[in-house]
Structures are given as C-alpha cells and as structure tokens.
C-alpha cells in the first residue's frame, strides 16, 4: 500500500491534509491544476486549499460566512444539494477539477453526492464523522438550513461516505485521524483500503437526534 501520509507540508491545514493531497497530486497528476474548496472558512485558517493557490493553482473556494474581496478565489455562498452544481458552474469550475475538498459540518454527504453527478474531480478529500461507528451507514436528515450545534450530530459516518463515493466510481484510498478521508477516481486506481478508522468521541453526544441509513437515502440514479 502506498504511504499517502508521507510528510510533505504543514502550513495551513488542520492535520496532515496538505501532505496527503500533495502526495496524491504527485502520483495521479490531475489534468487540471484546479481546486474546489467547499467550506473554505476564511481561506487561510485550517485551509486545505491555500497551499495550492499559493503554488499557482486556480481555485473556487466557497464559504457561507466569509468573503474576501481582495481574493478572487473566495466566494460567499450558502451551498445546498439543490444549488451546489449551479454555484460551481457560476464560477466556471471545470468538469474535472484536480481536487475537491468538502467540509461544511453538516449536509456534506448530500452536497458531495450532488456535485459528483455533474463534476468529476480527480481527488476528493472529505471530513467524516469520527464520533460514529465506522461500519455504520449513518447520515443526518437533510436540512438545507442545518447549523452545527457542536454536538456529534453532523455529517455522516465513514461507511456512508464510502457508499456514496463508490456509487460514483471512486476508490477510497486513505483516512487519517478519524477525521479525514481521501478518494480518487476509480478509473485511475484499483487500490482500495479495507481498514476502518477508529471511533473517537471528540464531540458531546446527542442521542436525541435521528440518524438515517445512507444506503436508503442514496442509490444509483
């Protein structure tokens, strides 16, 4: 198995996202040096994308709470599964961007599923909910106005992401820190990982909320 975590950089990202992404980029050589960052924050703090922007990549970086008028890559938009593709098209995102990063602490899996119906990124990095059992297919109920309350009710479990990504023809190749997962267009790599991330209770538990089964919510169209 390839060591995707081989250290390359630690400049802006929360953990080792920059190193893993650089390693994946070097290995798979995306045809477009273009990164889409959905949930980009202020564009710098805990950013998965800024290191690529600084190295000359084109970018579309979107966040519902931040806009930097001096940075043409940053856009203030509220992303939902209904508008995700139209917003990306609005900013001329190519059909096959090199990297898609998604971290919106909520309806991530719904947005990812929508984006992958119209765009084909080479590499996808996503934040899964490591508070959940990795072998469960849990996803929150869809709510386009969802706001994370700091509890463990957000996003989706590891297996839920694997299910949706596999449905779209992606191979999940790496995870790190019970936090981030990485997938690559399955046409480029036969290798998949079969190990599960550990469950880590890093947010307070909210047992009052109802989880859905991603296999019931998401199916091939």
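The values are calculated or read from the model by the stated rules, or taken from the named source; none is laboratory data. Every value quoted in this text rests on a predicted model; they were computed, and no experiment measured them. All Cβ positions, glycine included, derive from the backbone under ideal geometry; neighbour counts span all protein chains shown.
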Worksheet, complete the sentence: Residues of region 181-217 being assigned to a loop (DSSP other than H, G, I, E, B), touching a strand residue (DSSP E or B) at 6+ places or on another chain (Cβ under 7 Å) and either over 20 Å from residue 154 (Cβ atoms) or at pLDDT below 85 (or both), in sequence order, are 186, 189, 191, 192, 193
Worksheet item: Conditions: (1) surrounded by fewer than 22 Cβ atoms within 10 Å (Cβ to Cβ); (2) out of contact with any helix residue (DSSP H, G or I) (no Cβ under 9 Å at 6 or more places or on another chain). Residue 107 meets all but one. Number of the miss?
Response: (1)
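Just one of 99, 123, 140, 107 is over 21 Å from residue 13 (Cβ atoms), under 13 Å from the mean Cα position of the chain (by Cα) and modelled with pLDDT of 95 or more; which is it?
On the way: 99 fails: over 21 Å from residue 13 (Cβ atoms); 123 fails: over 21 Å from residue 13 (Cβ atoms); 140 fails: under 13 Å from the mean Cα position of the chain (by Cα).
Going through 99, 123, 140, 107 in turn, the sole match is 107.
Residues being in a strand (DSSP E or B), within 30 Å of residue 25 (Cβ to Cβ) and touching a strand residue (DSSP E or B) at 6+ places or on another chain (Cβ under 6 Å): count how many of those fall in region 132-177.
Taking region 132-177 first, the residues in a strand (DSSP E or B) are 138-140, 151, 156, 170-176.
If we keep only those that are within 30 Å of residue 25 (Cβ to Cβ) too, we end up with 139, 156, 170-176.
Checking the rest, the ones that are also touching a strand residue (DSSP E or B) at 6+ places or on another chain (Cβ under 6 Å) come to 139, 156, 170-175.
Looking only at that region, the number is 8.
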Discussion item. Going by what's in this entry, would residue 79 be described as within 25 Å of residue 25 (Cα to Cα), surrounded by 14 or more Cβ atoms within 10 Å (Cβ to Cβ) and in contact with a strand residue (DSSP E or B) (Cβ under 9 Å, 6 or more places away or on another chain)?
Written reply: no
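Look through 37, 71, 63 and report the one residue that is farther than 25 Å from residue 171 by Cα and either buried (at least 21 other Cβ atoms within 10 Å of the Cβ) or under 14 Å from the mean Cα position of the chain (by Cα) (or both).
Details: 37 fails: farther than 25 Å from residue 171 by Cα; 71 fails: either buried (at least 21 other Cβ atoms within 10 Å of the Cβ) or under 14 Å from the mean Cα position of the chain (by Cα) (or both).
The match here is 63.
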